[in-house]
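No value in this document is a laboratory result; all are computed from the given coordinates. Keep in mind that what you see is a predicted model, and the values were worked out from it rather than measured. We place every Cβ from the backbone using ideal geometry, glycine too, and count neighbours over all the protein chains shown.
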């Protein structure tokens, strides 16, 4: 399945975290949002808002799909463009995934609140892509942020 048109520019080399230090879900969400701010994916003024939205989404139900994948996501009022991060945890994180297994790969989507159709399109594409065992295997084995981005862009077709 080719990526939706709204995929362009969502993920960059700067938005790849090769090894998360955090071990718990709340710490991981904080580290992910901090990485988004540090990389320029998100403005610093949005950090608390995005962290609160991702946390609230996880409280409604885990975004852990199983097989080591989670897709934390949120829609944020006032954003102009979709943003994303890809993060890897060698140790694994308890995301309360549907299969009970730790999560090693997180694909984060942060979308403008006023564009729900595009958000759903991106979420669907990321979900289908992330469920491919070859994709997760490549992400786990990647040596650099560019390697991870290359795998994602190859899947975007």
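For the range 11-60, what class follows from the C-alpha gyration tensor (a ≥ b ≥ c being the square roots of its eigenvalues): rounded when a/c is under 1.5, otherwise prolate if a/b is larger than b/c, else oblate? Judged from the Cα gyration tensor, the range 11-60 comes out oblate (a/c at least 1.5, b/c at or above a/b).
Which stretch or stretches of the range 86-119 have amide N atoms under 18 Å from the point lying 7 Å from residue 80's Cα along the Cα→Cβ direction? What the label zone holds, given the 18 Å backbone N cut-off, is 110-115. Report which label in (1) 42, 35, 27; (2) 55, 32, 24; (3) 36, 34, 27 holds the value of Cα extents along the principal axes in Å derived from the coordinates of this structure. Matching the structure shown: (3). For the range 35-86, what does the alpha-carbon gyration tensor say about shape, rounded, prolate or oblate, given a ≥ b ≥ c as the root eigenvalues, a/c under 1.5 as rounded, and a/b over b/c as prolate? Taking the square roots of the gyration eigenvalues as a ≥ b ≥ c, the range 35-86 is prolate.
Site pair residue 131 and residue 144 shows an inter-label distance of 3.3 nm when each label is modelled 7 Å from Cα along Cα→Cβ.
Per-residue ellipticity at 222 nm, computed for the chain from helices alone with -39500 (n - 2.57) per DSSP H run of at least four residues, works out to -13000 deg cm²/dmol.
Using a cutoff of 8 angstrom between alpha carbon atoms and counting only pairs six or more residues apart, the relative contact order for the chain works out to 29 percent.
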